[in-house]
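Engineer: Structure incoming, see below.
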Amino acid sequence: MFFRKILAVGAVSVAFAGSGANLLENPGFERRDAGEGAVGWTPPGTTFSYQSGSGRNGTRALFFDLKPESPYQFPSQKFTPEPGKRYRAEVWVRTENLQGKERGAQVGLEFYAEERKYLGGFFSSGVKGTVDDWTRLDVVGDVPAGAVNANISVFVNDKFTGRAWFDDACVELAYRPPIGPVVSDVYRETAADGDVTFSAVVDLPPEEVAARGVTGWFDLPSVAGPPRTVPAAVEDGAIRAKTAVKDLPEGESCVTARLSDRTGKNIAQKTIRFRRTAETPNWRVRFDKKNRALVDGKPFFPLGVYVSRADTATIEELKGTPLNCVLPYVPITRSELDECWKAGLRVIGAVQCHFGISGCPGDVKRIEDEARWIADRVNPLKDHPGLLGWYVYDELGLELYDRLVARRDLLEKLDPDHPTYAALYQVDILRDYLGTFDVLGTDPYPIAKRGNPPISMAADWTRLSRRAVFGGKPLWQIPQIFDWGGYDEKRVNETRAPTYEEMRNMTHQCLAEGANGIIFWAHLAVKKMSWRDPFEKRWPEIMRMAAEVKEKTPLFLSDDPAPHVKVSPACVSARAWRLGNEVHVLVVNTTREPVAAEVEAEGFEKQKIDLPPIGVSWTRKTVQ
């Protein structure tokens, strides 16, 4: 959750396939320089060399021979990135007894501003152990603003031992279709009545939209006669169209989003299937137009935590707390699910199984094995009253997009009663992941993180997430309760756990910006740092903070229309709810300075609220 643990290995998504033009010089390491190096690549070091006869076809390869005392060295090659473009990097690898704590053999894309200021990178998953067959590693990344230089890096993580061979590296422009995913704002594109809004991602720069006079269109099927063509202006990187469900034909039909230029020439189009039903499907878990979870027809606000596994000791620690759900990383058994249910905890079951990705179960030997493995875990549990949903992936890269779409579709087919939940940190490209999940969670972890991001990261990411899903999918946000020191050993003396006030502030930031659920990360991480912050002290603090959220859940689940709220300055987040004849307003200071906020909500006149640093304020008023 807290870092990009597992990215892509294997088939490249059709949606993000490369252009075919390799930008690298000497990608197979064949051409020698004046010594034993490879033209275009970093000269050999004590850790790596360029070895003849060990490549994919008996050619030359990049070779790592790692001992316990080996320094951390690896080769790279520079290329000049085009602003606003997306690149794909790949390399082939095989390994022999490659051992260490992290991901192992990888490929990465790194971007730099002027004077080699580091702007960020994208890194593939790792290969460890012994892998005899040549395996492709690949990764996709967008060029950050201000980038003028870039590297491809081919490496093995620090403090590894063993051997690794790399061959046939590649960097190429990734194809970005002008129209990205198309979605509706109703759960699983299925509705019986009301209105539905269709949205399509437009992946064209604003200057190109203006220069070419790009216009959007939706072809909406009609109850009788030919489809209706509805114009849709390109705004905020998308086109949208709203229609009454009753105007769409019963059963399944196709809605097509199109782009054309000022001459009327068709640029691109993409289709989504929509189902109009006689009645709203009575799925055990579903979502309404407010993105509230309905469990057996009753509103439910998930308030939970990630755990390692749902064993007896863990459930005993969670029983009787304000939490009502749990997400174990280890696939849960029927008996464990029984125990959770008895303890008042619903379960989001993990079914992360991606062939070629680190952490893939050992009995999954090929992509075709994934469906069988998942079915073996879903079918015995899908009828259990304690099941809340399925956790389908955790921070995977876009290079797996087509497989992630197929995974969501498989879960819907196996178990239509429960939604799929995915976690992402890639907040700048969330719209590219639409179609791969029913529920989204993003995981802002600013406290003592490298680079010292502001605590407002929680509000910023939630706001970006809400925008990315066009307000049409539930957000179960993942606030920080852990100390980075458990996962950043080099900085363990610089990190710390968030305070009670910081945890309370970050959680309320998420709520104020639109979260429909809260799943804290993570019980296992708090346990890991018990040597510094005793669990017996930290956990009650966390639960005290969670208890305040639980106290407010009647607001989050209210049937009454939510009042619109205005707030200033911009560093303050706010949200309002109505419950009966009362309006409740949440106001959160996302800075570490005191702020005088002005807040106005429907039925709630403008008022000034003085907020202390990272302050949280709840106000209520009786209205007519």
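Engineer: Among residues belonging to the range 569-624 that are hydroxyl-bearing (Ser, Thr, Tyr) and outside any strand (DSSP E or B), point out the one that is nearest to the chain's Cα centre (by Cα).
Structural biologist: First pass over the range 569-624, keeping only residues hydroxyl-bearing (Ser, Thr, Tyr): 573, 590-591, 617, 619, 622.
Keeping just the survivors that are outside any strand (DSSP E or B) gives 590-591.
On the way: Thr590: 22, Thr591: 25 Å.
Ranking the qualifying residues of the range 569-624, first place goes to Thr590.
Engineer: May I pose another question? Quick one: which of Asp369, Asp394 is more than 24 Å from Asn282 (Cα to Cα), surrounded by fewer than 16 Cβ atoms within 10 Å (Cβ to Cβ) and either in contact (Cβ under 8 Å) with a residue 60 or more places away in the chain or not aliphatic (A, V, I, L, M) (or both)? Walk me through it before giving the result.
Structural biologist: Numbers: Asp394 fails: surrounded by fewer than 16 Cβ atoms within 10 Å (Cβ to Cβ).
The unique qualifying residue is Asp369.
Engineer: Tell me whether the range 311-319 contains one or more residues that are basic (Lys, Arg) and touching a helix residue (DSSP H, G or I) at 6+ places or on another chain (Cβ under 6 Å). Outline the logic, then answer.
Structural biologist: Initially, the range 311-319 is screened for residues basic (Lys, Arg), giving 319.
Still in the list and also touching a helix residue (DSSP H, G or I) at 6+ places or on another chain (Cβ under 6 Å): none.
Checked the range 311-319: no residue is basic (Lys, Arg) and touching a helix residue (DSSP H, G or I) at 6+ places or on another chain (Cβ under 6 Å).
Engineer: Among the residues of the range 411-434, is there at least one that is at pLDDT below 95, of a type outside the set (A, V, I, L, M) and outside any helix (DSSP H, G or I)?
Structural biologist: Yes; the residues of the range 411-434 include at least one that is at pLDDT below 95, of a type outside the set (A, V, I, L, M) and outside any helix (DSSP H, G or I).
Engineer: Follow-up question, since we're still on this one. Could you tell me whether the range 208-225 includes any residue that is within 30 Å of Leu524 (Cα to Cα) and either of a type in the set (Phe, Trp, Tyr) or in contact (Cβ under 8 Å) with a residue 24 or more places away in the chain (or both)?
Structural biologist: Taking the range 208-225 first, the residues within 30 Å of Leu524 (Cα to Cα) are none.
Within the range 208-225, not a single residue is within 30 Å of Leu524 (Cα to Cα) and either of a type in the set (Phe, Trp, Tyr) or in contact (Cβ under 8 Å) with a residue 24 or more places away in the chain (or both).
Engineer: Among the residues of the range 65-99, how many are of a type outside the set (D, E, K, R), touching a strand residue (DSSP E or B) at 6+ places or on another chain (Cβ under 7 Å) and surrounded by 14 or more Cβ atoms within 10 Å (Cβ to Cβ)?
Structural biologist: 16
Engineer: Can you find, within the range 269-287, the residue that is nearest to Asp219 (Cα to Cα) among those that are of a type outside the set (Asp, Glu), touching a residue at least 24 places away in the same chain (Cβ under 8 Å) and part of a loop (DSSP other than H, G, I, E, B)?
Structural biologist: Our first condition is that a residue be of a type outside the set (Asp, Glu); within the range 269-287, this holds for 269-278, 280-287.
Right, trim to touching a residue at least 24 places away in the same chain (Cβ under 8 Å) and you get 269-278, 280-281, 283-287.
Remaining after also requiring part of a loop (DSSP other than H, G, I, E, B): 277-278, 280-281, 283-284.
Details: Thr277: 20, Ala278: 23, Thr280: 24, Pro281: 25, Trp283: 29, Arg284: 32 Å.
Within the range 269-287, the match that is nearest to Asp219 (Cα to Cα) is Thr277.
Engineer: How many residues are of a type outside the set (A, V, I, L, M), surrounded by 14 or more Cβ atoms within 10 Å (Cβ to Cβ) and over 18 Å from Val583 (Cβ atoms) when one looks only at the range 607-624?
Structural biologist: So the answer is 1.
Engineer: Here's a follow-up. Say we look at the range 291-328 and pick out the residues that are small (Gly, Ala, Ser) and buried (at least 21 other Cβ atoms within 10 Å of the Cβ); which of these is nearest to Ala343 (Cα to Cα)? Walk me through it before giving the result.
Structural biologist: The first filter runs over the range 291-328 and keeps only residues small (Gly, Ala, Ser), leaving 293, 297, 304, 308, 310, 313, 320.
Now drop any that are not buried (at least 21 other Cβ atoms within 10 Å of the Cβ), which leaves 293, 304, 310.
Details: Ala293: 20, Gly304: 13, Ala310: 11 Å.
The residue in question is Ala310.
Engineer: When you go through Ala574, Ala570 one by one, which is the residue that is over 16 Å from Arg496 (Cα atoms) and in contact with a helix residue (DSSP H, G or I) (Cβ under 7 Å, 6 or more places away or on another chain)? Show your work before the answer.
Structural biologist: On the way: Ala570 fails: in contact with a helix residue (DSSP H, G or I) (Cβ under 7 Å, 6 or more places away or on another chain).
None of the other options fit; the residue is Ala574.
Engineer: In the range 297-347, which residue that is part of a loop (DSSP other than H, G, I, E, B) and among the polar types (S, T, N, Q) is farthest from Pro385 (Cα to Cα)? I'd like the intermediate steps shown before the answer.
Structural biologist: So in the range 297-347, the residues part of a loop (DSSP other than H, G, I, E, B) come out as 297, 301-302, 308-311, 319-324, 329-333, 343-345.
If we keep only those that are among the polar types (S, T, N, Q) as well, we get 308, 321, 324, 333.
Working: Ser308: 22, Thr321: 20, Asn324: 13, Thr333: 14 Å.
For the range 297-347, the residue satisfying everything is Ser308.
Engineer: For the range 443-460, state whether one or more residues are in a strand (DSSP E or B), modelled with pLDDT of 95 or more and within 30 Å of Ala375 (Cβ to Cβ). Steps first, please.
Structural biologist: Restricting attention to the range 443-460, the residues satisfying the condition of being in a strand (DSSP E or B) are none.
No, the range 443-460 has no match at all.
Engineer: Only residues that are among the charged types (D, E, K, R) and within 20 Å of Leu511 (Cβ to Cβ): list them for the range 288-343, please.
Structural biologist: Step one: filter the range 288-343 for residues among the charged types (D, E, K, R), giving 288-290, 292, 296, 298, 309, 311, 316-317, 319, 334, 336, 338-339, 342.
Selection gives Asp288, Lys289, Lys290, Arg292.
Engineer: If you go through the range 348-394, how many residues are β-branched (Val, Ile, Thr) and part of a strand (DSSP E or B)?
Structural biologist: Of all residues in the range 348-394, those β-branched (Val, Ile, Thr) come to 348, 351, 357, 364, 367, 374, 378, 392.
Pick out the ones that are also part of a strand (DSSP E or B) and you get 348, 392.
Result for the range 348-394: 2.
Engineer: Within the range 339-366, how many residues turn out to be of a type outside the set (A, V, I, L, M), surrounded by 13 or more Cβ atoms within 10 Å (Cβ to Cβ) and either farther than 30 Å from Phe123 by Cβ or more than 22 Å from the chain's Cα centre (by Cα) (or both)?
Structural biologist: Filtering the range 339-366 down to residues of a type outside the set (A, V, I, L, M) leaves 339-342, 344, 346, 349, 352-356, 358-363, 365-366.
Checking the rest, the ones that are also surrounded by 13 or more Cβ atoms within 10 Å (Cβ to Cβ) come to 339-341, 344, 346, 349, 352-356, 358-361.
With the extra rule that they be either farther than 30 Å from Phe123 by Cβ or more than 22 Å from the chain's Cα centre (by Cα) (or both), the set shrinks to 339-341, 344, 346.
Result for the range 339-366: 5.
Engineer: (1) at negative phi; (2) touching a residue at least 12 places away in the same chain (Cβ under 8 Å): which one isn't true of Pro453, the others all being true?
Structural biologist: Pro453 satisfies all of (1) at negative phi; (2) touching a residue at least 12 places away in the same chain (Cβ under 8 Å) except (2).
Engineer: Okay, next question. Residues of the range 63-84 being assigned to a strand (DSSP E or B), under 33 Å from the mean Cα position of the chain (by Cα) and under 19 Å from Asp158 (Cα atoms), which ones?
Structural biologist: The initial filter retains those residues of the range 63-84 that are assigned to a strand (DSSP E or B), namely 63-66, 76-79.
So of that shortlist, the ones also under 33 Å from the mean Cα position of the chain (by Cα) come out as 64, 76-79.
Listed by number, the residues that qualify are Phe64, Ser76.
Engineer: Which condition from (1) buried (at least 17 other Cβ atoms within 10 Å of the Cβ); (2) without any contact (Cβ under 8 Å) to a residue 24 or more places away in the chain is the one that Leu410 breaks?
Structural biologist: (2)
Engineer: Looking at the structure I just gave you, is Lys490 at pLDDT 95 or above and not acidic (Asp, Glu)?
Structural biologist: Values: at pLDDT 95 or above: no; not acidic (Asp, Glu): yes.
No; evaluated as a whole, the condition is false for this residue.
Engineer: Additional query: Could you give every pair whose Cβ atoms fall below 9 Å, whose first residue belongs to the range 117-129 and is free of Cβ contacts under 8 Å to residues at least 40 places away in the same chain, and whose second residue is part of a strand (DSSP E or B) and of a type in the set (Val, Ile, Thr), counting only separations of at least 6 or pairs across chains?
Structural biologist: Hits for this filter: Gly129/Thr95.
Engineer: A further question follows. Out of Ser558, Ser568, which single residue is without any contact (Cβ under 8 Å) to a residue 24 or more places away in the chain and either of a type in the set (Ser, Thr, Tyr) or touching a strand residue (DSSP E or B) at 6+ places or on another chain (Cβ under 7 Å) (or both)? Write out each step before concluding.
Structural biologist: Values: Ser568 fails: without any contact (Cβ under 8 Å) to a residue 24 or more places away in the chain.
Among Ser558, Ser568, only Ser558 is without any contact (Cβ under 8 Å) to a residue 24 or more places away in the chain and either of a type in the set (Ser, Thr, Tyr) or touching a strand residue (DSSP E or B) at 6+ places or on another chain (Cβ under 7 Å) (or both).
Engineer: Say we look at the range 526-543 and pick out the residues that are among the hydrophobic types (A, V, I, L, M, F, W, C) and part of a loop (DSSP other than H, G, I, E, B); which of these is surrounded by the fewest Cβ atoms within 10 Å (Cβ to Cβ)?
Structural biologist: Residues of the range 526-543 among the hydrophobic types (A, V, I, L, M, F, W, C): 526, 529, 531, 535, 539, 542-543.
Checking the rest, the ones that are also part of a loop (DSSP other than H, G, I, E, B) come to 529, 531.
Working: Met529: 21, Trp531: 9.
Filtering the range 526-543 for residues that are among the hydrophobic types (A, V, I, L, M, F, W, C) and part of a loop (DSSP other than H, G, I, E, B), the one surrounded by the fewest Cβ atoms within 10 Å (Cβ to Cβ) comes out as Trp531.
Engineer: Give me the pairs: first residue in the range 606-624 and on the phi < 0 side of the Ramachandran plot, second residue surrounded by fewer than 13 Cβ atoms within 10 Å (Cβ to Cβ) and in a strand (DSSP E or B), beta-carbon distance under 7 Å, and six or more apart or on different chains, which are they?
Structural biologist: Matching pairs, first to second residue: Lys608/Ala596; Asp610/Ala596.
The values are calculated or read from the model by the stated rules, or taken from the named source; none is laboratory data. Here the structure is a predicted model, which means the values were calculated and not measured. Neighbour counts run over all protein chains shown; Cβ positions are idealised from the backbone, glycine included.
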